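Structure, as structure tokens:
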Amino acid sequence: MNVTNSSWTVLFISHIKRDVLVNTRSLIDVISVFGFMLLIIILFPIGIGPTKEKLDIVSNAVLWISLIIAIIPSLEKMLQKDFDSGWLDQIATSPAPLEIILLAKSISHWLIVIIPLILASPLFAILLDLEFNQIPWIILSMTIGGLSISLIGIIGAALVLGARRGNVLLPVLIIPLIIPILIFGVGINEAVKIGSSPLAHLFLLIAFSLIYLVISPFVSALLIRIAISR
Amino acid sequence: MLTLKKLTIQRGSKVVFSNLNAEIKTSALTIIKGKNGSGKSTLLRTIAGFTPIEEGQIKENGDNIFIDKEQWVEKLIFIDTKNGLSNELTVLENLEAWVRIKGWNANKDNLIMALESVGMQNYINLYISQCSDGLRKRAALARLYFSFINKVDFWLLDEPSNELDDLSFLLFKKLISKFIKIKGTILIASHDIKSFNVNYNILDLDIIKQLAKP
């Protein structure tokens, strides 16, 4: 069979389409990410009381931590369903490289999770009393940061595949890797808030995302090969 | 000829079999028989390249099959009890996604023909979550049809006929004899042996494991 590089691009795109289709048909996962994040953001200002100064100090951190906490439960499902249904076995007995499929999976997870959050970012800004000139930066930083979280998450999901209590183990494993994303993500928004240039933080965030983009498909493919060999 | 030579396979800490020797005829149907837990599925998963071989070799006409693993898995179709179907997709979408990862041409006529070959033409747009176990199995077995369009040499099937009713078993038998005719090799792991239209060999794991004991 003649397999060319362009056919892998076709495969990559068609697998993204498949995963997006699967996820949009089980909308509950998407809604739960969005709803969870919204809940944290609603509860936080109520919890710290009606003082604007207090909220000012923590608002960006709250935004980012709620993003991370909301995404984590959805990460495990990224691979678990396909592992249980035997789809990963079918991929393993096909000429399609597992790495390409896994990259497609992270990208589709990112699209499904991050698009509703981007659409809702003005709402989040209002709830956390952020300036409107921050919104484009929130969207930009969450988009890049969200991709990193998906890429790291798929490594964690592959690692706990087939393990009991994987949902407990997963956050512990991936949160250390997410810390740089949190630091630079919050850094961008803080810099915008005080009126200085956020570019340094932005470039570092992009740099980390690119590192994860390169590492993630290979590491997770290796882990999945181990998981299906059991 | 597929030769299993001094094969030792472990799953976790459990040794499934050690020092196993067997020969499997190519271009023929072989049924792997054995008790529950005798390692039928593990043997299939090993041949499919999932479970790593601890010791020994599997050779096809003298060559180790895993020397070029990608080339090996390209020419086989593996269907086990898990089917590999997504609940959220329809029967047709599942088949299409599968044909695409195989790198084959997923044109609609072929997909419909494949589903017709297992009698699924009336269930094309049914979601897998709404399908019964029998329908799911048939949706998975529809993949076999693509062996007649593309280059496939091996079918590795784990308990394929358990959920099938009489009519779909008849269609399944038709697919088997058609594949044998084009020199395909079929390995079926099953605990009960049904009648097939073609001659078949039996590989009884229980007996072979007795022989393999040192």
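Worth pointing out:
- Solution diffusion estimate, µm²/s, Stokes-Einstein, the protein assembly as shown, Kirkwood Rh from C-alpha pairs, 10 °C, viscosity 1.306 mPa s: 66
- Approximating the spin labels as points 7 Å out from Cα along Cα→Cβ, the B:Gln10-to-A:Ile118 distance works out to 4.9 nm.
- Extended-chain gain in nm, criterion 0.36 nm per residue less alpha-carbon gap, A:Leu199 and A:Asp129: 22.9 nm
- Stretch gain in nm, segment B:Leu126-B:Met1, where the contour uses 0.36 nm per residue and the Cα spacing is subtracted: 40.9 nm
- For the range A:5-228: lysine pairs under 27 Å (alpha-carbon distance), excluding those fewer than 8 apart on one chain: 7
- Nearby lysines by direct alpha-carbon distance to B:Lys194 (threshold 22 angstrom, same-chain neighbours under 8 apart not counted): B:Lys25, B:Lys33, B:Lys35, B:Lys40, B:Lys82, B:Lys137, B:Lys173, B:Lys174, B:Lys178, B:Lys181, B:Lys183
- Here the dipole of the range A:5-228 is about 320 debye; that uses its Cα centre as origin and unit charges on the Cβ of Lys and Arg (positive) and Asp and Glu (negative).
- Computed [θ] at 222 nm, helices only, for chain B once each DSSP H run of length n ≥ 4 contributes -39500 (n - 2.57): -9000 deg cm²/dmol
- Each residue of the range A:5-228 gets 120 Å³ once the volume of the Cα convex hull is shared out per residue.
- Relative contact order of chain A, taken over Cα pairs closer than 8 Å and 6 or more residues apart, is 25 percent.
- Farthest positive-ward along the protein assembly as shown dipole, Cα basis, beta-carbon charges - from B:Leu203, A:Leu147, B:Asn36: B:Leu203
- Note on the range B:79-154 and the range A:123-186: Cα centroid distance 36 Å, given to the nearest whole angstrom.
- Each label point was placed 7 Å from the Cα along the Cα-to-Cβ direction; for A:Glu53 and A:Trp8 their separation is 5.8 nm.
Computed from the coordinates by the stated procedures, all read-outs in this text should not be read as laboratory data. Owing to the predicted nature of the structure, the values given are computational and were not obtained by experimental measurement. Cβ sites come from the backbone with ideal geometry, for glycine too, and all protein chains shown count toward neighbours.
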